[in-house]
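Nothing in this text is a laboratory measurement; each read-out follows from the coordinates by a stated rule. Worth saying up front: this structure is predicted, and the values here are computed from it rather than measured. Heads up, the Cβs are rebuilt from the backbone with ideal geometry, glycines too, and the neighbour counts pull from every protein chain shown.
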């Protein structure tokens, strides 16, 4: 759905679906790290860790949000066997119609259309021929729509970030546990060719015992942010209301998998710092006419936000975010251990006592370490898939899990933990880089060692 | 001087020259950043900012510490016109004799030798034919020897880091101000060809308004640290007693210059985090015989230490340290602004809206931006100078300032501020990454904008 930022905010506020940070209870122990915003829930909720999908030969999908991303991933789903698209929804009817024709061109029956107002998705969710909703709307809609989907008995697959407040992270966890539905964040970078290869290298001990990871989302989005269409309609808004890491999951997800976060380890606390805000001001001055309403906006998000995360087992992660300055695209995607390290952009490896001290390209390791998913489906993925094929691999694997009645690779606890650095970094920045604790969304079950895409 | 770590510590302790962190008064304001260890001094000390050297056609040098580094930089000083070496000193007589023959081979009169015990340097400092002492001893000796030099009326030029506690940073500042002698840290990386080129690019506005810097000392020193000679005799010791950034200045010095630290801005506070300690354990297990006394050592310094520094004007710096894991040598040396960035290893540049989004090698910018020092002396520097020539440029420039009666490029406030992240990172790590304030060693004069090597 495409909205202007004002209407998103006011709408959500009116319907009381959106809670501001100010409303959260905050307690800090002086001299030690700050407590989480919201204490871990201690109710009788039963975990959804390892909960398998109900097996089903054909899975029925509804698309909520038919913008660029929604329609793009829709195409990926349609390229996988066993997916039937029964309904599509967007605030803008033309977008929904375009999505419908994408489904039609794939040779499927015409899906139902829900469009034209902000409650359309609720009508879609009342249908009984939908197994899962894929939610690709602006960030503020992810939680209300995912919660509504689960309460209607549908699995909810949401775009990144899943949530932008800690309360909303808990809401996803609580709802998934209460409804016994999965709420997954479709973090495509976890399925990248190099990311999955790195997993195999780590398992083989190539880098020895792990020590630290580094990751980022460094992506110059200034042009997109100021467009009068698509994400330009709403994605500047967070820059006017939040100062922290707005988009942590593309960098953090893969590194979390390298370290087995929520599968034997967990994020313990973070500290965060922001540079001054200058990038959006400079872009606006250079490109936006002086009579544009965009001149009423005040940008408060520091251009670079950098956080350091400590895990319960003592490992550390650095996490950066910058979308408003000139920088070559970079997620860093580094994992280091006692015997060597892997670093992306471009993908390269350095192993112990190499002379001269130079990185080697990852190519020589491909035969040995390429992930079985890429061996099986890489050729098709590269042909039909967005972002180098990882989008396709992600949906292919997800559909495979649903059809075979397997537990998904990622779960609501990952969605919550990987989204949490958003609000936690804001809080740390606000408090002059004080350490802020992560909630334990797994309620203690992070200690259970589990493989990831083994 | 070469000592075994135990004797360094016990000796200093006995003579009460070395204060432990535990002895420092620490106060923390809950919910805000921690106060500095030691409140700024408010005495009547007069700043040495901008204080010119007394001009002198020939400057007389004494060398304290005739190990690898001391003898290497001695050769650089001897390659500059107008330097006369009058005395050399080392605990080990053979090292002092070797330094003497270096002086002799340069065609100079034989310098006096002071050697054989730990008070030899005091006798050297009693001479009246020494203008400055260059101190290249193990870290714990830098402050007592620099203080003694200044109290004997000599300028003190010390190796990095100048000090390892905040009290000792203040001791250098207080003594320089009281004695009206300069205490400089010979941070060679400030004189590197790319570092000085970056300064010119920044001044020309190539990167726009500055936002953040990144720097590091990532240097695999495991082999050196375990040798039974040279730095192997004492440089493992800090890994048994400190957990933080042991060696911040090579990375931080150049970035401080880019940002005008102490010349219009200053370091405000830092937060720091360490990875687990694993590198030295693994190396020892693989290389050290089981009956070696080295097996009695317990290493407590996290392999990677990472800090984030906020400046008073709001800029930020990330600073890393790792000397015990496999990693290609890297000081990062990054400076980013609204129009682009410079990043080293290898030196490269990215400017606004470049398509494709790729770094360009720095070579194309060399004609326009090479620093005048390198234009004047680069050829000689590359021929005779260590570390690609920057060692020579550093001493060449220092001698130039002394002979012409100019204020030095760097001063005791830089030595203190750049060394401070050592103890401040230790304190932050100890407190679970709490923010720790930098003392203002300039007592307020950091606000004065001054050029650097203009």
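Things worth noting here:
- With N the number of residues in the protein assembly as shown, Rg(Cα) / (2.2 N^0.38 Å) evaluates to 1.02.
- Residue mean of other protein chain beta carbons inside 10 Å, B:352-361: 3
- Chain B, relative contact order [Cα under 8 Å, separation at least 6], %: 23
- Relative contact order (%) - criterion: Cα under 8 Å, at least six apart; region: segment A:315-412: 10
- Cβ-Cβ FRET estimate between residue B:68 and residue A:375, R0 fixed at 51 Å, reported to 0.05: 0.50
- Remark: C-alpha extents of segment A:256-335 on the principal axes read 55, 23, 18 Å, sorted largest to smallest.
- Stretch gain in nm, segment residue A:366-residue A:345, where the contour uses 0.36 nm per residue and the Cα spacing is subtracted: 5.9 nm
- Relative compactness, segment B:398-437, computed as alpha-carbon Rg over 2.2 N^0.38 Å: 1.81
- Relative packing of A:239-246, A:162-169, which averages over residues the other C-beta atoms within 10 Å, highest first: A:162-169, A:239-246
- The Rg/Rh ratio for segment A:96-135 is 0.97, where Rg is the radius of gyration of the alpha carbons and Rh is the Kirkwood radius.
- For the pair segment B:380-447 and segment B:87-134, the centres of their Cα atoms are 25 angstrom apart.
- 7 Å along Cα→Cβ, label-point gaps from residue A:290 to other copies, nm, shortest first: 8.2
- P(r) tail, segment A:272-402: Cα-Cα pairs separated by more than 17 Å, 75% of all pairs.
- CD proxy at 222 nm, helix term only [per DSSP H run n ≥ 4: -39500 (n - 2.57); per residue of chain B; nearest 500]: -10000 deg cm²/dmol
- Share of pairwise Cα-Cα distances greater than 20 Å in segment A:127-272 is 58 percent (whole percent).
- Look at the Cα gyration tensor of segment A:212-283: its axes a ≥ b ≥ c give a/c of at least 1.5 with a/b over b/c, and that counts as prolate.
- For the residues of A:212-218, the average number of beta carbons from a partner chain within 10 Å of their own beta carbon is 2.
- Remark: mean inter-chain Cβ contacts per residue of B:263-275 equal 4, using a 10 Å Cβ-Cβ cutoff to other protein chain atoms.
- Each peptide in A:247-260, A:438-451 was scored by the mean count of other Cβ atoms within 10 Å over its residues; highest first, the order is A:247-260, A:438-451.
- Model label points for residue B:127 and residue A:353, set 7 angstrom from Cα along the Cα-to-Cβ axis, are 4.3 nm apart.
- Near-label residues of segment A:392-407 by backbone N, under 14 Å of a point 7 Å along Cα→Cβ of residue A:448: A:407
- Rounded to the nearest 5, the antiparallel percentage of DSSP beta bridges internal to the protein assembly as shown is 50%.
- Nearest-0.05 FRET efficiency for residue B:312 and residue A:227, computed from C-beta distance (R0 45 Å): 0.80
- Virtual paramagnetic centre 7 Å along Cα→Cβ of residue A:203, amide N under 16 Å, in segment A:359-384: A:366-377
- Across the copies of the chain, residue A:356 has label points (7 Å from Cα along Cα→Cβ) spaced 2.5 nm apart, shortest distance listed first.
- DSSP beta bridges in chain A [antiparallel fraction, %, rounded to 5]: 50
- Across chain A, the fraction of Cα-Cα pairs farther apart than 43 Å, rounded to a whole number, is 9%.
- Using the average count of surrounding beta-carbon atoms within 10 Å as a protection proxy, the listed peptides A:262-275, B:367-380, B:397-410 rank, highest first, as A:262-275, B:397-410, B:367-380.
- Neighbour-count order for A:329, A:350, fewest beta carbons within 10 angstrom listed first: A:329, A:350
- Summary for residue B:116: label point 7 Å along Cα→Cβ; distances to the equivalent points in the other copies, ascending, 10.4 nm.
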